[in-house]
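See structure below.
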Amino acid sequence: WTGNPEMLAEYQEIMSFYSGSEASKSGTTISYPNNDVSVFIRKSGSEELLFLVNVRNNQVTYTLPSVIIANEWENALTGMQMGAGQSIILQAYEYLIFSKVL
């Protein structure tokens, strides 16, 4: 880990989020099949998370399903709001985790 402190910091941030999120650990899963982006929602109680993971080695534009567009989401790690568009651009291997705004 000492050779790549940025990777360590990223891993620690993700694990900290995971350990504090019931939906991440044991929520029910709703999948949205796509060949280029792994997309799923995890729900537990009032907590609802949206995961988008580009599984390709190139930029991908993903068209969001209407059920996702119909809600307001914020980045679970940064607090930034998801844009109001109907698609999202993910860089190669990029992942995003959003929390549904209640």
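A few remarks follow.
- Annotation for Y32 and N75: the two label points, set 7 Å from Cα along the Cα-Cβ direction, are 1.8 nm apart.
- Sum of side-chain charges, S44 neighbourhood, beta-carbon under 11 Å (Lys, Arg +1; Asp, Glu -1): 0
- With both labels modelled 7 Å from their Cα along Cα-to-Cβ, the Y93 to V55 distance reads 1.6 nm.
- Reference-scaled alpha-carbon Rg (2.2 N^0.38 Å with N residues) for the chain: 1.09
Each value in this text was obtained by applying a stated rule to the coordinates, not by laboratory testing. Computed from a predicted structure; not experimentally measured. Cβ coordinates were reconstructed from backbone atoms using ideal geometry, including for glycine residues, and neighbour counts include every protein chain displayed.
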